[in-house]
1. What is the fewest-to-most order of 169, 41, 51 by other Cβ atoms lying within 10 Å of their Cβ?
2. What is the distance in Å between the Cα centres of the range 294-309 and the range 39-86?
3. Of 149, 174, 50, which is the most mobile in a GNM of the chain whose springs link Cα atoms less than 10 angstrom apart?
4. If I fit a long axis through the Cα atoms of helix 113-122 and take the longest principal axis of the Cα atoms of the chain, what angle between them do I get, 0 to 90°, rounded to 10?
5. Kindly express, to the nearest 10 degrees and within the range 0 to 90, the angle between helix 289-300's C-alpha long axis and the longest C-alpha principal axis of the chain.
6. So for the chain, averaging the separation of alpha carbon pairs under 8 Å that are six or more residues apart and normalising by length, what relative contact order in percent results?
7. From the helices alone, meaning DSSP H stretches of at least four residues, give me the mean residue ellipticity at 222 nm for the chain, per-run term -39500 (n - 2.57), in deg cm²/dmol to the nearest 500.
8. Could you identify which residue out of 78, 217, 230 has the top mean-square fluctuation in a GNM of the chain using Cα springs shorter than 10 Å?
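Please treat every number below as a calculation from the coordinates, not as lab data. Predicted, not measured: the structure shown is a model, and the values here were computed from it. As a convention, Cβ positions derive from the backbone with ideal geometry for all residues, glycine included, and neighbour counts pool all protein chains shown.
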Ligand code: AN7
């Protein structure tokens with residue numbers, strides 16, 4: 001794939017016209033990295049799709065580039081979205097690229113600071129509301145209806161069109177569909193988009209379809225309980241969502257694929273986050289660790305058949321949420337700038353075989 005981004009590379013699969021501006025920040029074409037530790041531990045072939053390598057550090061860029069290009073094509077001057085953080089970062093970047101004004105509605109105090117910094121530096125108008133994500137999305141819908149604003153949440157079908165390209169990349173790179181696709185589920189746009197992508201590719205290329213395994217955080221698991229959660233809670237702020245907009249899309253992906261949507265606890269998310277960093281060398285944000293938490297949980301429960309090919313979608317970059325990463329007892333001591341002291345410190349460390 002060329003470095004020209006999703007619109008150029010996948011134009012034949014996207015709703016583009018000659019008038020659609022070919023925006024790009026180089027999104028898509030993200031690495032599919034074979035797991036070493038987790039593959040060994042599970043006796044499965046596990047791959048990680050590193051969506052944190054996208055230009056703003058999350059999978060949202062794939063859909064945002066399409067939504068923003070279509071908004072510009074339709075003559076919109078401004079866009080709006082509600083967000084748990086990544087959508088706002090991506091919208092702010094691509095709006096700038098498209099020459100549009102961008103407003104983002106966020107639940108006050110509940111956004112990882114890296115994401116907030118992104119929306120800020122890209123120049124979005126940030127509106128922090130006294131309410132959760134679900135309320136912010138309701139307000140966004142109202143604003144979109146009342147004013148000439150394009151909504152760039154995943155209720156905008158162009159977002160899902162762009163996001164389905166990740167499924168294409170996986171099939172192209174593996175040479176076939178995996179047996180299982182594991183991913184975190186919040187507003188449920190991504191699971192809906194992946195399933196659309198796998199179906200389209202299955203029809204075109206006669207590839208098989210994976211089982212879709214979605215994972216929600218226990219305190220924000222409406223698709224597991226079957227009813228909206230009024231006050232969702234989880235450390236994984238990206239997926240702290242109680243009433244997913246793409247509810248029916250997620251249910252369809254689950255049922256048509258013979259998959260499932262289940263819950264992982266915050267402790268399981270923390271453990272998977274640490275496992276990815278310390279065992280695999282991959283730093284993700286907490287929501288992204290939910291897919292790996294889910295696989296580890298299945299393995300412990302003896303519910304993971306050996307020999308399967310599994311792709312875990314790692315949706316966002318760890319640098320977005322360093323407060324989370326440093327919360328587990330990070331401490332650093334400043335030493336005098338002397339060789340002896342440093343050697344002694346390394347020797348202490350060398351009980352862990354450093355020197
Ligand atoms: C890292 O940014 O909803 O199930 O407003 O940021 O498609 O919502 C983010 C969601 C997973 C869940 N991983 O995807 C937002 C927002 C990360 C995310 C999800 C999100 P969906």
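1. 41, 169, 51
2. A separation of 27 Å, based on Cα centres.
3. For the chain, modelled as a Gaussian network with Cα springs under 10 Å, the answer is 174.
4. The answer is roughly 40 degrees.
5. Helix 289-300 and the main axis of the chain meet at about 60 degrees.
6. 18 percent
7. It lands at -12500 deg cm²/dmol.
8. Looking only at 78, 217, 230, the biggest GNM fluctuation is shown by 230.
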